[in-house]
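None of the figures in this text is laboratory data; all of them are computed from the coordinates on show. The structure displayed is predicted, hence computed values, not measured ones. For neighbour counting, all protein chains shown are included, and Cβ atoms are generated from backbone atoms with ideal geometry for every residue, glycine included.
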Amino acid sequence: MSTGVPPAGVALRLRGRVLSPGRPAVMAVVNRTPDSFYAAARASDDDAALAAVERAVREGADLVDIGGVRAGRGPEVSVAEEVDRVVPLVARVRAAFGDLPISVDTWRSEVAVAAAEAGADLINDTWAGYDPGLADVAARYGAGLVCSHTGGLPPRTDPLRPEYPLRAGEGAGGAHGDAGGAGAGTAPDPRDGVLQDVLATLAAAASRAVEAGVHPESVLVDPTHDFGKTTWHSLHLTRRTAELVALGHPVLMALSRKDFVGESLGLPVEDRLEGTLAATAVAAWLGASVFRAHDVRATRRVAEMVAVIRGDLPPARAVRGLA
């Protein structure tokens with residue numbers, strides 16, 4: 001008998017360790033950038049960034065994601081400057097928190113090598129393999145890799161009227177099967193063009209990473225909300241999270257305070273927490289495995305509550321009506 005609960009996602013494994021079994025993992029955002037889109041997440045120096053890591057750990061982060069370059073447009077940051085912003089902090093976090101998994105948000109293999117040598121466990125490539133050497137770096141150092149989707153945009157560029165036409169003869173899941181989408185005799189959803197493109201891109205990137213030697217459960221797939229997408233695209237991908245989960249790798253959702261949340265509710269970045277948490281709950285229910293978050297405590301509580309409702313975790317305490 002069907003329970004009506006979507007299948008659980010794949011747990012994230014980094015260097016042999018499974019993160020947060022029973023609920024999605026929370027990845028805390030730690031920015032060593034002076035111009036991050038969310039001012040509260042900026043750390044002007046390594047001391048401030050290390051304090052942000054300490055706070056995230058207290059609030060329940062399962063791993064931290066350290067970035068040295070703003071994702072969007074801004075002043076050019078050289079490889080040397082990015083290394084200088086990121087790598088000493090990685091070393092300090094590794095020394096202070098020996099068991100804490102560390103992710104580094106970079107699209108450059110030179111930065112990834114230096115970070116891995118300093119102790120990073122995961123390379124968060126938010127620019128969809130723009131540097132094709134990242135998979136080899138992850139495999140060489142036994143690290144994980146995030147495979148993303150940007151619609152073909154190069155790093156630090158914004159989308160302009162991106163379009164993803166529906167591919168004729170394919171269901172909602174494109175070449176990867178129906179996975180809960182349009183079935184036999186059901187008209188295809190014209191909005192599924194973006195889903196088809198994301199599924200095909202992520203499946204190919206994940207396959208290349210595994211072939212390079214990265215463990216399948218250390219390859220995360222990220223639909224990469226807002227990157228190369230309109231708000232309509234990001235909303236559609238959120239409601240179709242189950243198809244992403246069906247690819248068979250841990251699904252990373254980077255939803256926190258993004259523009260699709262702000263445009264949906266007509267709110268500035270400072271007021272997007274509730275919208276972010278609503279999207280988080282939907283994606284967690286549908287099987288997403290990791291959430292990149294600015295608001296760690298709130299995200300962890302939402303992830304745990306959804307896991308309890310799904311039946312993946314027992315309640316922390318259940319005495320009502322029993323005593």
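Where does the chain land on Rg/Rh, using Cα atoms and the Kirkwood Rh? Numbers along the way, then the final one.
Values: Rg = 19.0 Å, Rh = 19.8 Å.
Ratio value, two decimals: 0.96.
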Packing-ranked peptide list from 91-104, 244-257, 139-152, 304-317, highest mean Cβ count within 10 angstrom first, is 244-257, 139-152, 91-104, 304-317
Between the modelled labels at Val79 and Ala316 (7 Å from Cα along Cα→Cβ) the distance in nm is 4.6
Among the stretch 13-45, those whose backbone N falls under 17 Å of a label point 7 Å along Cα→Cβ from Leu267 are 38-41
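Given the chain, what percent of its DSSP beta bridges are antiparallel, to the nearest 5?
On the way: 3 of 29 bridges.
Taking every DSSP beta bridge with both residues in the chain, the antiparallel ones total about 10 percent.
Tell me, Trp107, Trp232, Trp285 in order of fewest to most beta-carbon neighbours within 10 Å? Don't jump to the answer; show the numbers that get you there.
Working: Trp107 24, Trp232 13, Trp285 16.
Going from least to most buried by this count: Trp232, Trp285, Trp107.
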Kirkwood radius from Cα pairs of the stretch 214-256 plugged into Stokes-Einstein at 37 °C, 0.692 mPa s, gives D in µm²/s equal to 300
Cα-based Rg then Dmax for the stretch 11-145, in Å, read 13.9, 41
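If you build the convex hull over the alpha carbons only and average its shadow over all orientations, what do you get for the stretch 241-323? Give it in nm² to one decimal. Before the final figure, lay out each step's value.
On the way: hull surface 26.6 nm².
For the stretch 241-323, the mean projected area of the Cα convex hull comes to 6.7 nm².
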Sorted by chain and number, the residues with a modelled amide H under 5 Å from that of Ala28, at a separation of 5 or more or across chains, are Asp62, Leu63, Val64, Asp65, Ala293
Bounding extents of the stretch 9-55 in its principal axis frame from Cα atoms, largest first in Å, are 35, 20, 16
